[in-house]
Each structure stands twice: as C-alpha cells, then as structure tokens.
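A quick write-up on the structure given underneath.
The values are calculated or read from the model by the stated rules, or taken from the named source; none is laboratory data. From a predicted model like this one, the values you see are computed outputs, not experimental measurements. Here the Cβ is made from the backbone with ideal geometry for all residues, glycine too, and neighbour counts use every protein chain on show. Surface areas here come from the heavy atoms of the whole protein model, side chains and all, with no ligands, DNA or RNA. Shrake-Rupley method; radii C 1.70, N 1.55, O 1.52, S 1.80 Å.
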Amino acid sequence: AQTVTQSQPEMSVQEAETVTLSCTYDTSENNYYLFWYKQPPSRQMILVIRQEAYKQQNATENRFSVNFQKAAKSFSLKISDSQLGDTAMYFCAFIGDSNYQLIWGAGTKLIIKP
Amino acid sequence: SQTIHQWPATLVQPVGSPLSLECTVEGTSNPNLYWYRQAAGRGLQLLFYSVGIGQISSEVPQNLSASRPQDRQFILSSKKLLLSDSGFYLCACKTGGNTEAFFGQGTRLTVV
C-alpha cells in the first residue's frame, strides 16, 4: 500500500529563520508526483510546490524549496526567511500513475513566532 | 485554471435532519471530483471520489452519500445527520494524470 508519513506533528520557529518539514513516502511505482499543500487558519488548501519524480532537479517556488531524495523516498520542504503568514498546517501528498486520488500525510502544524 | 465553488461555508443542523452540500467546478471539463472530511487539527479523510457523471466510489462506509448529476457538479448528502458527522468538509477537483488537486473553501458542519 502507498503511504505518506509526516513525523513532525508540530514545529515552531522564529520569524526570518529557516525551517524544514519532513515527509517520507512508500510506493513501488516509478513515476509519480509529490506535493506540499498549506492550510492556513482560514482552512483553504493551497498548493505550495510540486515535484515530478522523473525530474532530478529539486523544485523551487520563491522561499519554498524541496529536497527530493528518490532512493530514500524522502520529500522535505524548506521554508527560508519564514514569515508570520507561513503559520499553517502543511500537508505532504503523493499521487502515482495508477491512482485516481492523492495519498495524504497527517500534516505538520507550523507556527512562526514574531 | 479551475475554480471550485463550495457552499454553504457554515452550516448548523440538528441531529436527524438531512444534509446537502454542493460543489461546482469552472474552468475544466471531465474532472475527477472528491469529497474530504477533516477533523480540527487533523489530516484529510477521503469520503468519495468520482471520475465521471454518475460514477461514485466510496472510501469509508458511513452515514453519507454522494452524487454527480452533471460533469462539474458534486453533491454530498445525508438523509439523517449524526453528531459524528460534524466536521470540515472539502470538495476538490483534479484533471486527469498526475496533477495537483484544487480545493473549494470548505464547509464547516456542526450537528447539534
């Protein structure tokens, strides 16, 4: 079975610091996509970043970047120069070629302190 | 790009009353549609998904049902709500392939 594991239920850092959220997954598929979603207190789910498994280059979106280690099945999210508005739940998600649906991690609650 | 409309945003219903939550999609055709439930501070639980009109797959046996009467319309229903049906319900849409899902703004349901 395909699974996504986020081992950090909650993290907190000071504003402007860098923080890394962990995600590991398990699959036997070779082609798949990975995503990080952000859910702020409004509870709107927002896509932060996506990574195609066949691409070796790590995806980057402004202050957000990933460290994708395919052999280790690891997909961590790094937030640089963290801002108060980054406070949210962060979910890691996976979808493989044979799936109709995303497989979700349990989420990490990130608190950015002023 | 896709836009997901989900309503109502907030709903308070008595136990035993019926439920109908509606989700419509703009900007794409033949999407995969999903209903999720989320407890406070927790992850997403997939309830139903649909790959086409009239095609519904249920992931969790429960007091709820779903229907897809039109290509871009997805409805979550219940004949008689239970207290345990309270939660935050999210509708999501994705196009075919390994693409990301887009979400509606959610419905906060409180059963009293």
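The table below gives the values:
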read-out: Strands (runs of 3 or more DSSP E) (entirely within segment A:44-113) containing at least 1 residues that are within 13 Å of chain B (Cβ to nearest Cβ), surrounded by fewer than 15 Cβ atoms within 10 Å (Cβ to Cβ) and among the β-branched types (Val, Ile, Thr); value: A:46-52, A:108-113
read-out: Residue check for residue A:9: touching a residue at least 60 places away in the same chain (Cβ under 8 Å) and open to solvent by 30 Å² or more (accessible area, probe 1.4 Å); value: yes
read-out: Candidate set: segment B:3-17, residues that are open to solvent by 30 Å² or more (accessible area, probe 1.4 Å) and among the hydrophobic types (A, V, I, L, M, F, W, C); chosen: the one farthest from residue B:101 (Cα to Cα); value: B:15
read-out: One residue from B:78, B:50, B:57 being surrounded by 16 or more Cβ atoms within 10 Å (Cβ to Cβ) and within 11 Å of chain A (Cβ to nearest Cβ); value: B:50
read-out: Any hit, segment B:86-100, residues being part of a loop (DSSP other than H, G, I, E, B) and farther than 25 Å from residue A:38 by Cα; value: no
read-out: Positions within segment B:31-46 being under 26 Å from residue A:10 (Cβ atoms) and open to solvent by less than 30 Å² (accessible area, probe 1.4 Å), in sequence order; value: B:36, B:38, B:43, B:44, B:46
read-out: Pair list, Cβ under 6 Å, 6 or more apart: segment B:53-66 residue in a loop (DSSP other than H, G, I, E, B), other residue open to solvent by 60 Å² or more (accessible area, probe 1.4 Å); value: B:63/B:82
read-out: Qualifying residue in segment B:18-28 (condition: among the acidic types (Asp, Glu), surrounded by 13 or more Cβ atoms within 10 Å (Cβ to Cβ) and not in a strand (DSSP E or B)); value: no
